[in-house]
Amino acid sequence: MNRKALISAIQDKKTMLCVGLDTDIKRIPQFIIDHYEDPIVEFNRRIIAATSDECVAYKFNIAFYESLGPKGWEALERSLDLIPDGIFTIADAKRGDIGNTSKLYARTFFETYDFDSITVSPYMGSDSLEPFYGYDDKWIIILGLTSNKGSQDVQMQQLKNGERVYQETIRRCAEYGDASNTMFVVGATKSEYIKEIRDIVPDHFFLMPGIGKQGGDLQSSLDNGMTDDYGLLINSSRGIIYADETESFDEGALAAAKTLNAAIRDHVSF
Ligand code: OMP
């Protein structure tokens, strides 16, 4: 999906919500486990059917699928096929390796599986990300300032030039591609830093996880991160897909998505 289509989807649906399909076999209601051959696919099918009018993106955290071995990869493929056209898809795989290996990661998620985007770690530098750029209308989502506590350990460290590691990382990585094929992960739990990151990369989309279970602040994330083109994908995973763990979990997910969208629309005019 290209940038224009993504922006149009946000405008049409009046939301920048991304639903995270972090589908944990241990949290799937028992009746799904008992009655369906592939409980992950059935759970995702119901969540997608309930929420697809309420979001512009789905993010598959690959760990939840690959941890199940071949059945997990099959469930990933079948679930990806269930995403309606016009919705942006993210392989949250956080890959990155020497170029020769990254080429294969790119092939996995952009060819074997037809995702619109992949999350990548910038730690190994430009040659590790370069192979992901060889595709039309595909996106690279680079870890910028992550939502977790451990982001202090390296990302927040100060360099000799006075910049923090995450600032230097974002500045450099912005040069590998451009705002039509590159996004940055910026945690919603880091709202005090979002404005300065926005100053470094005024046009790039940010993928913002951390709303909901991690305690990120929606209002300040929107206030500090939005651009004239919206510029944000706001992710919520557990807060939506496990909002209700009963048999009517899909209705619970829809209600949670609507609540989040109402909060977004309170602050954004589409
Ligand atoms: P919830 O906390 O359940 O909404 O899930 C957050 C999702 O975003 C998980 O799939 C995380 O792996 C992912 N994530 C973060 O939580 N923090 C980050 O800094 C980056 C990501 C990510 O790249 O998506």
Residue among 236, 147, 191 that alone is crowded, with 17+ Cβ neighbours inside 10 Å, closer than 20 Å to residue 11 by Cα and within 16 Å of the ligand (Cβ to nearest atom): 236
Residue within segment 125-140 that is closer than 25 Å to residue 224 by Cα, within 16 Å of the ligand (Cβ to nearest atom) and not aromatic (Phe, Trp, Tyr) present: yes
Residue that is under 14 Å from residue 188 (Cβ atoms) and at pLDDT 95 or above, where the choices are 241, 264: 264
Helices (runs of 4 or more DSSP H) fully within segment 144-244 counting 3 or more residues that are of a type in the set (Asp, Glu) and over 17 Å from the mean Cα position of the chain (by Cα): 191-200
Among the candidates 210, 216, residue that is more than 20 Å from residue 269 (Cβ to Cβ), in contact with a helix residue (DSSP H, G or I) (Cβ under 9 Å, 6 or more places away or on another chain) and near the ligand (Cβ under 8 Å from one of its atoms): 210
Checklist (1) modelled with pLDDT of 95 or more; (2) closer than 22 Å to residue 11 by Cβ; (3) within 10 Å of the ligand (Cβ to nearest atom) applied to residue 230, failing item: (3)
Output for segment 99-152, where each listed residue is over 25 Å from residue 221 (Cα atoms) and among the polar types (S, T, N, Q): 100, 101, 102, 108, 112, 126, 128
Considering residues of segment 194-207 that are within 16 Å of the ligand (Cβ to nearest atom) and over 21 Å from residue 51 (Cα atoms) only, the residue surrounded by the fewest Cβ atoms within 10 Å (Cβ to Cβ): 197
Matching helices (runs of 4 or more DSSP H) fully within segment 58-110 where at least 3 residues are closer than 18 Å to residue 48 by Cα: 70-81
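The values are calculated or read from the model by the stated rules, or taken from the named source; none is laboratory data. On a predicted model such as this, the values are computed, not experimentally measured, just so you know. Positions of Cβ are backbone-derived with ideal geometry, glycine not excepted, and every protein chain shown enters the neighbour counts.
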